[in-house]
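Beneath this line is the structure, given in structure tokens, with notes to follow.
The values are calculated or read from the model by the stated rules, or taken from the named source; none is laboratory data. All values derive from a computational prediction rather than experimental measurement. Methodologically, a virtual Cβ is constructed for each residue, glycine included, from the backbone with ideal geometry; neighbour enumeration extends over all protein chains shown. Please note that ligands, DNA and RNA were not included when accessible areas were found on the heavy atoms of the full protein model with its side chains. Shrake-Rupley method; radii C 1.70, N 1.55, O 1.52, S 1.80 Å.
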Amino acid sequence: MFFFFLFGAKSFKKELKQYDGKRVYCPRCHNISMQYVRNWNFITVFFVPIIPFSFYKELYCPICGNHTMDANIV
Ligand SMILES: [Zn+2]
């Protein structure tokens with residue numbers, strides 16, 4: 001039962017360099033703030049990322065947290 005709290009999952013986002021800081025309109029908060037990001041999900045042990053289990057690219061808004069998958073992201 002104690003071990004239940006030692007494992008978790010965390011995602012890490014990093015802006016894609018090839019879009020050079022380009023911002024896109026966010027339909028949820030109406031700001032020009034959505035970024036193209038690479039998202040890595042890790043299984044964590046004691047809050048330390050150990051095993052990556054998914055990887056994808058998405059549009060992410062740092063203001064409201066809205067995120068969408070965009071098929072046009074290369
Ligand atoms: Zn937003």
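Within the range 17-44, residues that are among the basic types (Lys, Arg) sit with their Cβ atoms under 8 Å from residues that are part of a loop (DSSP other than H, G, I, E, B), at 6+ positions apart or across chains, in these pairs: 28/61; 28/64; 28/66; 38/16.
Among the residues of the range 17-40, is any modelled with pLDDT under 90, of a type in the set (Phe, Trp, Tyr), open to solvent by less than 60 Å² (accessible area, probe 1.4 Å) and not in a strand (DSSP E or B)? Yes, there is a match, as at least one residue in the range 17-40 is modelled with pLDDT under 90, of a type in the set (Phe, Trp, Tyr), open to solvent by less than 60 Å² (accessible area, probe 1.4 Å) and not in a strand (DSSP E or B). The number of residues in the range 41-74 being assigned to a loop (DSSP other than H, G, I, E, B), modelled with pLDDT of 90 or more and among the polar types (S, T, N, Q) comes to 1.
A count restricted to the range 41-64 and to residues that are surrounded by 13 or more Cβ atoms within 10 Å (Cβ to Cβ), out of contact with any Cys (no Cβ under 9 Å at 6 or more places or on another chain) and among the hydrophobic types (A, V, I, L, M, F, W, C) stands at 3. A count restricted to the range 45-69 and to residues that are farther than 17 Å from residue 8 by Cα, without any contact (Cβ under 8 Å) to a residue 24 or more places away in the chain and away from the ligand (no atom under 14 Å from the Cβ) stands at 2.
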